[in-house]
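What follows is a short report on a single structure.
The values are calculated or read from the model by the stated rules, or taken from the named source; none is laboratory data. Worth saying up front: this structure is predicted, and the values here are computed from it rather than measured. Ligands, DNA and RNA are stripped out before the accessible areas are found, and what is left, the full protein with its side chains, is counted by its heavy atoms. Shrake-Rupley method; radii C 1.70, N 1.55, O 1.52, S 1.80 Å.
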Amino acid sequence: MKDKLQCMECEKKIKPFIDRKLDYKDTLAFVNHISSCEKCKEEFSIEFLVVNGLKKLDSAEAFDLQKELNELITTSVDWANDRKRIYREIMLFAIFAAIIGGYFIASLLY
C-alpha cells in the first residue's frame, strides 16, 4: 500500500517537476522514486516526451528528447543539491550567530 501511495504522489509531481516548480526536497524525492520505480519512470518519460515533443514539432527544430529528459533530471538534481547545501549553510550560520549573540548578551548581563 505504501508503494502505491508513493507512486500516486510521484505521478502528481510529474508536471511540476517538468515545469521546475518543485522545491529541492520534492525534487530529490521525485528523482529518487523514479530511479527505483520503473512504472513511475515510464509514466514520467511518456509525459515528458508528449509535452516537449509537441512543443518541438511546432518549432520544427531538430531535437533529441531522451537527451533532454536526461538533462532535465541531471540539472534538477544539481539544482536541488545546491539548494540543500545553501540551506544547510544558512542554518549553520544562524546557529553560529545565535550562539555568538547569546554569548555577547550574557557577557553584558553578568
Review point. Ignoring ligands, DNA and RNA, what percent of the accessible area of the chain is carbon or sulfur (1.4 Å)?
Key: 61
Exercise for review: Just tell me, in residue order, which DSSP H segments of the chain are both 30 angstrom or longer along the helix axis (alpha-carbon based) and at least -0.5 in mean Kyte-Doolittle hydropathy.
Suggested key: 38-59, 65-109
Review point. Which lysines have a Cα less than 24 Å from the Cα of K39, not counting those fewer than 8 places away in the same chain?
Key: K2, K4, K12, K13, K15, K21, K25, K67
Check your understanding: Considering the values [x] 45, 30, 24; [y] 40, 29, 25; [z] 72, 40, 17, which represents Cα extents along the principal axes in Å as calculated for the structure under consideration?
Key -> [z]
**Study point:** Highest-MSF residue in the chain out of A29, A94, A80 [GNM, Cα springs under 10 Å]
**Key:** A94
Check your understanding: Mind checking which of L54, L28, L69 has the largest fluctuation in a GNM of the chain, springs on alpha carbons under 10 Å?
Key -> L54
